[in-house]
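Below: the structure, in structure tokens.
Each value in this text was obtained by applying a stated rule to the coordinates, not by laboratory testing. The structure displayed is predicted, hence computed values, not measured ones. Ideal geometry is used to build each Cβ from the backbone, glycine not excepted, and the neighbour counts take in all protein chains shown.
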Amino acid sequence: MKNTTIFLSSCILLLLIACGGAQDSATTAKEFTEVETLIKDKKFKVENQWAMPQVSSSMVQLGNSGILGPGNNMQRISLIGNTNYLEIKGDSAKAFLPYYGERQMGGGYNSDGEGIQFEQEITDMQVDFIENKQRYKIQFTANNGAESFNVTLLVFPNKKTSLSVNSSQRDFITYDGTISELSKE
């Protein structure tokens, strides 16, 4: 009798887990359709929750100093509460991203701040759907007059994003965030 009860309880638990997974798939399909529309229309905004700078000896020293605050470390810095975005509107891109890491050359004193900033028309945007990984990959180059950036944005079906920026003057940095519709202005 005890074995039968355990067996039936296990079957019911397995059934509940299986049904929960099916419900998640339906939500993902709806979100994926929304993501597909945003990318095809080229009207979206990416807001990031985390910055992940390349770890260097300077970043290790910064992490060990305790200056980054609770919940942050040299590999992952919270951006919650900090303004940051990448906007794509047609063939134009606009970015305001905080930067953590080392600058390798140039720069000097910049009254506009030290983040990654650009606003321009993009002529080399490449949008690919990677079928086997079920994600979009968007690549383009940008510059702000003094510095050039290679930008790669990965967009997943659940609206999560991974934004990588490789600069001509700074170390590589990646941001984790979410994609949403660009507000109508």
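Side notes on the structure shown:
- If you take all other residues with their beta carbon under 15 Å from the beta carbon of Pro53, and give Lys and Arg +1 and Asp and Glu -1, the sum is -1.
- Restricting the chymotrypsin sites (Phe, Trp or Tyr not before Pro) of the range 69-109 to loop positions (DSSP other than H, G, I, E, B) with no more than 16 neighbouring Cβ atoms within 10 Å leaves Tyr109.
- Cα→Cβ-extended label distance, 7 Å offset, between Lys2 and Ser168, nm: 7.5 nm
- Efficiency of FRET between Asn82 and Gln120 - r from beta-carbon atoms, R0 30 angstrom, step 0.05: 0.85
- Straight-distance crosslink candidates among lysines, where the alpha carbon sits under 28 Å from Lys43 and sequence neighbours closer than 8 are dropped: Lys30, Lys89, Lys94, Lys133, Lys137, Lys159, Lys160, Lys184
- Protection-proxy order for peptides 136-144, 155-163, 61-69, each taking the mean of Cβ atoms within 10 Å per residue, highest first: 155-163, 136-144, 61-69
- Taken along the Cα-to-beta-carbon direction at a fixed 7 Å, the label points for Lys160 and Glu36 span 2.1 nm.
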